[in-house]
Amino acid sequence: MNINIFRGRRLAAAVALLMLTCAAPSHAWCANLWVSVTSGLGGGIESYTPGQLAQSGTPTPIHLSTFDAATGIAFDDSHNLWAVVGGDTVVRFTPAQLKNLGRDPNPAPGVIIKSTYMFRHLYGCSFDHEGNLWVADAEKGSIDELSQAQLEAGSGNVTPRIVIASSDLVGPSFVTFDKAGNAWIDSKNGDQIAEFTAGELTSSGTKSANVLLSDDGGCTNLCSPGQIAFDQRGNLWVPNEDANTVVEFTKDQLTSSGKPTPAVTLDSAIFDAPWGAVFDTSGNLVVMNYSDGEIAKFTSQQLKVSGAPIPDVSVRGSSI
């Protein structure tokens, strides 16, 4: 399986991040940072504890090694972990399996979902506010919905309940939902980010984006965008793989199509093809490089102005 459908020049890759916080103390493991990885030395899914991200170093993460490469990862409301593997398959691991990874790092997924006639090359995945799982198909230029009912039905060869194709999706990688339930999809090949409203997500079809953010022609605002993240105020943060920057677009800049100038541009020396981004519950931004797997954490204070900040913490997993 070759997941590097449009980025085959690298062997080590960090392709998705997710910070999950659970309220129940008995599930402290799921407050970890979870990362999907592919690497010339092996990959899969890794998990870092808050303690491991508290100081710089080379910690040994917890490994989920059932599959040697994973792209998208997402947690449902029951804390099951869903992952995109092999470019055409979605699998599920239970909280009990995740808690037991120290003893069994290769659990068998309890649910395996394929779509022989629809899935071409899946990459990222994300849950909407109703519990439906959306996957981005980089080859088909679409986002596909696996409904909550389809997920609960278990393993099978299914037809996605909704398929939305668009000329505004050019090699889409990830789906990210804002607080209003609108879907934002980054297109690496098109140097753009497309938004489809929650209303547009209720039916299949070939559609145009409600908002389309595009490159300014100089690779200074959008340049091979990776996994995007919204901060607590609704501002959008974008890692630009080919520009080695992370940029912020304010909430007000997201209301109409155009080529907006970033409100903040970070060009930290640690960036080496930044690809994944996520916020923790304290408002710190965690960024992961595609090239070397370095994880960098920037405090909320460091995000207020443009510059080349030194990350508050930087770590590199032992498997990268």
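With the requirement that a residue be of a type outside the set (A, V, I, L, M) and touching a helix residue (DSSP H, G or I) at 6+ places or on another chain (Cβ under 7 Å), what does the stretch 98-127 give you?
Taking the stretch 98-127 first, the residues of a type outside the set (A, V, I, L, M) are 99-100, 102-107, 109-110, 114-117, 119-121, 123-127.
Within the stretch 98-127, LYS99, PRO107 meet the criteria.
Listed here are the strands (runs of 3 or more DSSP E) enclosed by the stretch 242-304 that have at least 2 residues being crowded, with 17+ Cβ neighbours inside 10 Å and without any contact (Cβ under 8 Å) to a residue 40 or more places away in the chain: 245-249, 294-298.
Picking from residues in the stretch 171-190 that are assigned to a loop (DSSP other than H, G, I, E, B) and at negative phi, the one that is most open to solvent (accessible area, probe 1.4 Å) is LYS179.
For ALA198, the requirement of being open to solvent by 10 Å² or more (accessible area, probe 1.4 Å), within 30 Å of PRO160 (Cβ to Cβ) and assigned to a loop (DSSP other than H, G, I, E, B) is met. Cβ separations smaller than 9 Å between residues 6+ apart or across chains give the following pairs from the stretch 209-224 residues that are in contact (Cβ under 8 Å) with a residue 24 or more places away in the chain and among the charged types (D, E, K, R) to residues that are in a loop (DSSP other than H, G, I, E, B) and surrounded by fewer than 18 Cβ atoms within 10 Å (Cβ to Cβ): ASP215/LYS259; ASP216/LYS259; ASP216/THR261. Within the stretch 128-170, being open to solvent by less than 20 Å² (accessible area, probe 1.4 Å), out of contact with any helix residue (DSSP H, G or I) (no Cβ under 9 Å at 6 or more places or on another chain) and of a type in the set (D, E, K, R) holds for ASP137, ASP144. Between residues in the stretch 173-200 that are modelled with pLDDT under 95 and residues that are crowded, with 22+ Cβ neighbours inside 10 Å and of a type in the set (Lys, Arg), which pairs lie under 8 Å by C-beta distance while being six or more apart or on different chains? Matching pairs, first to second residue: SER173/LYS188. Would a scan of the stretch 91-98 turn up a residue that is touching a strand residue (DSSP E or B) at 6+ places or on another chain (Cβ under 8 Å), modelled with pLDDT of 95 or more, buried (at least 17 other Cβ atoms within 10 Å of the Cβ) and closer than 26 Å to ASP186 by Cα? Within the stretch 91-98, one or more residues are touching a strand residue (DSSP E or B) at 6+ places or on another chain (Cβ under 8 Å), modelled with pLDDT of 95 or more, buried (at least 17 other Cβ atoms within 10 Å of the Cβ) and closer than 26 Å to ASP186 by Cα.
The values are calculated or read from the model by the stated rules, or taken from the named source; none is laboratory data. Computed from a prediction, not measured in an experiment: that's the story for all the values here. When we count neighbours, we look across all protein chains shown, and the Cβ atoms used for this are built from the backbone with ideal geometry, even at glycine. The accessibility values were calculated without ligands, DNA or RNA, using every heavy atom of the protein model including side chains. Shrake-Rupley method; radii C 1.70, N 1.55, O 1.52, S 1.80 Å.
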